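Peer 1: Mind having a look at this structure? Questions to follow.
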Amino acid sequence: MNFRRQRTRSRRSSLNAMINTEKWRSFPKRISHADNDLLEEDSTDEDSPKTANLSDLTQEFFGRESVSEEQIDQDVEVRLSRKQTLILATMVPDEILLLENFDEKREPKRFVGVLLMADVSGYTALSERYTNSGKGGTYRLTVTLNTYLGSLIEVIYSHGGDIIKFAGDAFLALWKTDKRSYLNHTIHTAIACALIIQHSFGSYETDVKVNLKVKLAISAGNLLFAPIGKGIDMNYIIFGLPVLEAKTAESLCLSGEVKLTPTAWGHCYSRNYDYVSHDDGHVTIKSILYDPREKDVTKPFLGFSGMLRQIKKPLIGIENLPENLLDVTKTKIGWESLKANEALNVRKTILIAEERNIGSEIRKFMIRPVLTQIDAHQPLEYLTEMRHVSVLFITLKPRNCPFPQLITIVNNSYQITCEIVYKSMGCVNKIILFDKDIMILVVFGLRGFKHESEAQAALKCASGIKKSLSALDGVLEVSIGVTTGQVYCGVIGHPLRREFTIIGAVVNKAARFMCYFRNKITCDETTFVKSKMSSNGFTLQPAADLKGINHPGKIFEYTEEIRVKELYDIPVLPPLLNRNDEFEYFQNWIDNTHLSFRDFDALLFIGEFCSGKTRLLEWLTRYVKNKGLRTCHLSLSSIHSATPYLALGQIVNEMLGLKEPITGFSKEEKIVQMLNSYNSDLCYLNNIIKVRFAYHEGIYTQDENTTCKI
């Protein structure tokens, strides 16, 4: 827009505004609500803007620079060596390696299986003890974790299981059943595996006098496995009633115990086990008396004397295998020698990745630090370090719905989170669905993503995520815990099944904040101080008793709306330098609201980055509020351009005085009250502003063109 007094354009003041209303005469004028006549005027001004120019201008400033398919292909379709493909295969479960296709439009896999949930205690204490021990603590911590956890994983794979999901200090193992196997036999295999783990590794004392203990829970039933995400941000979830039951049983389990859910126990023969039955239906297995797979049912079980394991050093990793072994030609002799190698005996399924040449597809499930290390042909051990990061722990409470709808909610939530986090230079580390809620872990400050103000970026990202996810259909509430501090970062597990993870008290604290303070963004004092943001957006919370945290310190709730509200309620307006023309035009425009028609009912400010657009809008909004006029304030982000009608829906909610989450039919009732009548055509607004008006009969016979016109 050009102002009355022409002034030289500078870097400091680069707002483009148009104050000469004659320039807009060539466009149709908007009908005022107070006038039914359509007034048009033609302009002979040679400087009248053309439609094409306006389109170019709009595209220049509002065109979303999304990642194109070519860019995605360029990122994931790289030439991988056999060693790189095998390394990638160790980072994902067998279900990913066995996927028939990796298309985005894929159906979830349904199967019957047995789950073993393991929860290892002592990770955080071990991490802090090694960190405070001096030089070499990080390396010793990695060796200890991989030695212990690798031993557990090796027992599981030697019994035919698969580590389907890691979740910090817990993991989930899976045994699938088919038509050729009995479910009770599969459950027995999981029980035998669990008892061997407890007898061999139930309590492991480290060299720093910290005991690592494990508790195990077993469930069985129908499961769904679904890849989620798109492009280069893929992940996967496994869920079903057995997952929820396993989580419940694990919470009731003590260290050193093996507990079965009532459903899993219902498939077992009680005579085969020495057990303790509890009032809630759960069963604690002490030992095996008979093997149900034996033909002679009277033959007693001989015990685990020949099956017990000892803690040993982890096997050599794939990246440390000799090149001449991995680069053998695909002759029968060469391939068989690779399969017979001791390092691959435990999990030969990873060879499927090489046989199917799916390394470029597996890359989509990796986070950036891991990919960078693999592409540079560097060992994953080099990722091991103690690092200062900011952690976001997000939990979403979805409404009760069938599993197919839940998949859609999880998929949409994950994609939105990935997009917002990527723009904020963060990493989505994992997504977990072990409970009724959806949990997502985000980290700021990992290698390759380091910048000056991670705490501030984390809080702003949390605010954007909460707004966007709360607007999703099916999400009841969003709770986010944000903490800042030092954590252990590294790849842990078995050389043939591992995952990049972060461990530390900071992660646990974020998880406790997320669970205790529902539907809020809460942070610790370190995040509050390091964010260097105005205290207007922070509210001190009352002292809370958090599980496992003796002294959590000060806890703050962060809300951008509080900061905006307090900013606009200042009675005295401070001057805004070098914006007299813009303010004068805006003031005249506001004062003309009583007219039957105006040239236009919207103002658009276009300017370069950091030219003061946001500051000007805040000042104008404050001016309007002090005049007693109602305003709607909305901070747009990239997710608004990716989600149809999201901004419109949020503006309508503000106009109606509604706050997320919206329950019942309060939104529909307010709309009908405003109209003073009910119109059957209101159903056309259902998908636009997220309402649920009843569809009339004629809508099902209308074609798409008629629906669009209405």
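Peer 1: Pull up region 118-142, narrow it to residues that are among the aliphatic types (A, V, I, L, M) and buried (at least 19 other Cβ atoms within 10 Å of the Cβ), then point me to the one that is nearest to residue 195 (Cα to Cα).
Peer 2: In this case the residue turns out to be 118.
Peer 1: Still on this structure, I have one more. Kindly provide the set of residues from region 420-437 that are closer than 14 Å to residue 458 by Cα and outside any strand (DSSP E or B), ordered by number.
Peer 2: Answer for region 420-437, where residues must be closer than 14 Å to residue 458 by Cα and outside any strand (DSSP E or B): 420, 421, 422, 423, 424, 425, 426.
Peer 1: Could you check region 147-191 and list, in sequence order, the residues that are part of a helix (DSSP H, G or I), touching a helix residue (DSSP H, G or I) at 6+ places or on another chain (Cβ under 7 Å) and farther than 17 Å from residue 495 by Cβ?
Peer 2: Hit for region 147-191 is 187, nothing else.
Peer 1: Right, here's the next one. Restricting to region 256-274, name every residue that is outside any helix (DSSP H, G or I) and buried (at least 17 other Cβ atoms within 10 Å of the Cβ).
Peer 2: We begin by selecting, within region 256-274, every residue outside any helix (DSSP H, G or I); these are 256-261, 266-269, 273-274.
Once the filter is applied, which keeps residues that are outside any helix (DSSP H, G or I) and buried (at least 17 other Cβ atoms within 10 Å of the Cβ), region 256-274 yields 257, 258, 259, 260, 261, 267, 268, 273.
Peer 1: Could you list all residues from region 513-541 that are modelled with pLDDT under 90 and outside any helix (DSSP H, G or I)?
Peer 2: 532, 533, 534 - these are the residues of region 513-541 that are modelled with pLDDT under 90 and outside any helix (DSSP H, G or I).
Peer 1: Of the numbered conditions (1) among the hydrophobic types (A, V, I, L, M, F, W, C); (2) within 22 Å of residue 483 (Cα to Cα); (3) under 14 Å from the mean Cα position of the chain (by Cα), residue 386 fails exactly one; give the number of that condition.
Peer 2: Of the numbered conditions (1) among the hydrophobic types (A, V, I, L, M, F, W, C); (2) within 22 Å of residue 483 (Cα to Cα); (3) under 14 Å from the mean Cα position of the chain (by Cα), the odd one out for residue 386 is (3).
Peer 1: Which ones in region 145-179 are more than 24 Å from residue 502 (Cβ to Cβ) and in contact with a Lys or Arg (Cβ under 7 Å, 6 or more places away or on another chain)?
Peer 2: 155, 157
Peer 1: Hey, which of the strands (runs of 3 or more DSSP E) in region 438-512, taking only ones fully inside, have at least 3 residues that are touching a residue at least 60 places away in the same chain (Cβ under 8 Å) and either closer than 21 Å to residue 548 by Cα or touching a helix residue (DSSP H, G or I) at 6+ places or on another chain (Cβ under 6 Å) (or both)?
Peer 2: Hits in region 438-512: 475-494, 497-503.
Peer 1: With respect to residue 400, is the statement that it is within 28 Å of residue 513 (Cβ to Cβ), surrounded by fewer than 19 Cβ atoms within 10 Å (Cβ to Cβ) and either of a type in the set (Lys, Arg) or without any contact (Cβ under 8 Å) to a residue 60 or more places away in the chain (or both) true?
Peer 2: yes
Peer 1: Suppose we keep only residues that are of a type in the set (Lys, Arg) and assigned to a loop (DSSP other than H, G, I, E, B) within region 83-116. Which one would you say is farthest from residue 192 (Cα to Cα)? Give the steps one after another, and end with the answer.
Peer 2: Initial filter on region 83-116 (of a type in the set (Lys, Arg)): 83, 105-106, 109-110.
Filter once more, keeping what is assigned to a loop (DSSP other than H, G, I, E, B): 105-106.
Numbers: 105: 39, 106: 35 Å.
Restricting to residues being of a type in the set (Lys, Arg) and assigned to a loop (DSSP other than H, G, I, E, B), the top hit is 105.
Peer 1: For region 256-276, name all the residues that are small (Gly, Ala, Ser) and closer than 14 Å to residue 117 by Cβ. Please lay out each step first, then the result.
Peer 2: Looking only at region 256-276, we keep the residues that are small (Gly, Ala, Ser), and these are 256, 264, 266, 270.
Within region 256-276, just 264 meets the criteria.
Peer 1: So is residue 236 within 30 Å of residue 423 (Cβ to Cβ), of a type in the set (Phe, Trp, Tyr) and part of a strand (DSSP E or B) or not? Let's see the steps before the verdict.
Peer 2: On the way: within 30 Å of residue 423 (Cβ to Cβ): yes; of a type in the set (Phe, Trp, Tyr): yes; part of a strand (DSSP E or B): yes.
Considered against the rule, which asks whether it is within 30 Å of residue 423 (Cβ to Cβ), of a type in the set (Phe, Trp, Tyr) and part of a strand (DSSP E or B), residue 236 comes out as yes.
Peer 1: Within the group 367, 420, 416, which residue is surrounded by 16 or more Cβ atoms within 10 Å (Cβ to Cβ) and touching a strand residue (DSSP E or B) at 6+ places or on another chain (Cβ under 7 Å)?
Peer 2: Numbers: 420 fails: touching a strand residue (DSSP E or B) at 6+ places or on another chain (Cβ under 7 Å); 416 fails: touching a strand residue (DSSP E or B) at 6+ places or on another chain (Cβ under 7 Å).
Among 367, 420, 416, only 367 is surrounded by 16 or more Cβ atoms within 10 Å (Cβ to Cβ) and touching a strand residue (DSSP E or B) at 6+ places or on another chain (Cβ under 7 Å).
Peer 1: I would also like to ask the following. For residue 524, state whether it is free of Cβ contacts under 8 Å to residues at least 60 places away in the same chain, of a type in the set (D, E, K, R) and buried (at least 22 other Cβ atoms within 10 Å of the Cβ).
Peer 2: yes
Peer 1: With respect to residue 115, is the statement that it is touching a helix residue (DSSP H, G or I) at 6+ places or on another chain (Cβ under 8 Å), modelled with pLDDT of 90 or more and within 30 Å of residue 241 (Cβ to Cβ) true? Don't jump to the end; show me each part of the working.
Peer 2: Values: touching a helix residue (DSSP H, G or I) at 6+ places or on another chain (Cβ under 8 Å): yes; modelled with pLDDT of 90 or more: yes; within 30 Å of residue 241 (Cβ to Cβ): yes.
Answer is yes for this residue.
Peer 1: Taking region 239-255, which residues are within 22 Å of the chain's Cα centre (by Cα) and either at positive phi or not in a helix (DSSP H, G or I) (or both)?
Peer 2: If the condition is that a residue be within 22 Å of the chain's Cα centre (by Cα) and either at positive phi or not in a helix (DSSP H, G or I) (or both), then 239, 240 are the ones that fit.
Peer 1: Here's a follow-up. Starting from residues that are over 21 Å from residue 436 (Cβ atoms) and among the hydroxyl-bearing types (Ser, Thr, Tyr), keep the ones in region 453-488 and report whichever is surrounded by the fewest Cβ atoms within 10 Å (Cβ to Cβ).
Peer 2: Among them, the one singled out is 453.
Peer 1: Return the total of residues in region 546-605 being touching a His at 6+ places or on another chain (Cβ under 9 Å) and at pLDDT 85 or above.
Peer 2: Residues flagged as touching a His at 6+ places or on another chain (Cβ under 9 Å) and at pLDDT 85 or above within region 546-605 amount to 0.
The values are calculated or read from the model by the stated rules, or taken from the named source; none is laboratory data. These numbers were taken from a predicted model, which means no experiment stands behind them. With ideal geometry, Cβ positions are generated from the backbone for all residues, glycine too; neighbour counts draw on all protein chains shown.
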